[in-house]
Every structure is written in structure tokens, then in C-alpha cells.
Amino acid sequence: MSTAIRERLSSEGVSNLRTAAVLEFTEEVFESDNYRTLEVLTPELHYLYIVNINDRTLTILTISEDLAVTKETLFTDRIISMKEYFDDYSLVDNTPPHKLEMVFLNGTKIEIEPGLSKLHAQNYQEPSIVNQVSEEFEHLIAAIKNTIIL
């Protein structure tokens, strides 16, 4: 994982999200190439999406304002549809998607929208962080695609 996400998750507002990830996966989640992660912050909940490439899983860690932690793990080989949403896509600029929607075999629908963090956390509006998050989102999508069994 890049140093960028480690730094963001060490900041005061979201350090509990990092702690939950380390307790669940050990520090390896931040060091191994087997994992791709992305955080999404909303006023009510902080999400950490973790794709384990080897296990073919998508784990969603969620922390609420009152520090209640929930964990859901889904098998990516059970995704029946996956749609990336783009705004004004440009081949020249290679515009990243702004949202991902997945539907799993059991009917679970997951939407991942990293842009929500900009509305909640001021530092997520900085161009360098916007670029980091976009890159991590693209890596997360690629990891999911690499784990799907066709």
C-alpha cells in the first residue's frame, strides 16, 4: 500500500479506521501487495474497503461516530455485475471513475464513491489527495477485476 493512505489514516479523524484494519488484518494490510484499500469518509460512517487478491474477497470495515465497528466480507467471485461510473470521460485525460457499483450473487449491492470524502473532510479537497484517492480507487477496481473468476 502506498505511504499516502497510511498517512491519511493516521490523522486524528480517521485513525480509528486504521486501528480497526490493523486489529483485523495485522499491519500486513498496509504493507502487502496482496491488499488494495480505499477509504471513504461520510459524516455518519467511515468506510475502509479492502480487497484481498489472494483470498478473492472484498472486506468492508465501517466505523460509526460512536466507534461501533462492523465488518462484512464478500467473495468477489460471486459478483454478477460491476459498473463503473464516469463523469465527462476523456480518453486524453484518462478520467478516473467517480463511483463503482457491484451486485453480488446473494443480491447484495455495494456502491463505492470515494468523492464523498471531499464533502466530509477538508483535506480531501487538496489536489494531491484527490489524485492519490483516484489512483487508489483505480487500483482497487483493478484488484477486484483480477480476483473475479470468469
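The table that follows gives values for the structure above.
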quantity: Any pair with Cβ under 8 angstrom, 6 or more apart, that starts in segment 118-132 at a residue that is among the aromatic types (Phe, Trp, Tyr) and ends at one that is open to solvent by less than 50 Å² (accessible area, probe 1.4 Å); calculated: 124/41; 124/117; 124/130; 124/133
quantity: Number of the exception - residue 59 against (1) within 11 Å of the chain's Cα centre (by Cα); (2) among the β-branched types (Val, Ile, Thr); (3) within 20 Å of residue 118 (Cα to Cα); calculated: (3)
quantity: Which listed residue is of a type in the set (A, V, I, L, M, F, W, C), closer than 23 Å to residue 131 by Cα and surrounded by 15 or more Cβ atoms within 10 Å (Cβ to Cβ), from 30, 25; calculated: 30
quantity: Selected residue [within 19 Å of residue 13 (Cα to Cα) and either surrounded by fewer than 16 Cβ atoms within 10 Å (Cβ to Cβ) or touching a Pro at 6+ places or on another chain (Cβ under 9 Å) (or both)] from 101, 44; calculated: 44
quantity: Residue list for segment 68-98, restricted to those being under 16 Å from the mean Cα position of the chain (by Cα), open to solvent by less than 30 Å² (accessible area, probe 1.4 Å) and touching a residue at least 60 places away in the same chain (Cβ under 8 Å); calculated: 76
quantity: Failed condition for residue 118, given (1) open to solvent by 70 Å² or more (accessible area, probe 1.4 Å); (2) over 19 Å from residue 17 (Cβ atoms); calculated: (2)
quantity: Filter pass, residue 65 being over 22 Å from residue 138 (Cβ atoms), of a type in the set (Asp, Glu) and touching a residue at least 12 places away in the same chain (Cβ under 8 Å); calculated: yes
quantity: Identity of the residue in segment 136-150, under 19 Å from residue 35 (Cβ atoms) and free of Cβ contacts under 8 Å to residues at least 60 places away in the same chain, that ends up most open to solvent (accessible area, probe 1.4 Å); calculated: 138
quantity: Residue, nearest to residue 12 (Cα to Cα), within segment 54-67, restricted to residues that are of a type in the set (A, V, I, L, M, F, W, C) and open to solvent by less than 50 Å² (accessible area, probe 1.4 Å); calculated: 63
quantity: Considering residues of segment 4-22 that are among the β-branched types (Val, Ile, Thr) and over 13 Å from residue 62 (Cα atoms) only, the residue least open to solvent (accessible area, probe 1.4 Å); calculated: 5
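The values are calculated or read from the model by the stated rules, or taken from the named source; none is laboratory data. Computed from a predicted model, the values in this text were never measured in an experiment. Ideal geometry is used to build each Cβ from the backbone, glycine not excepted, and the neighbour counts take in all protein chains shown. Please note that ligands, DNA and RNA were not included when accessible areas were found on the heavy atoms of the full protein model with its side chains. Shrake-Rupley method; radii C 1.70, N 1.55, O 1.52, S 1.80 Å.
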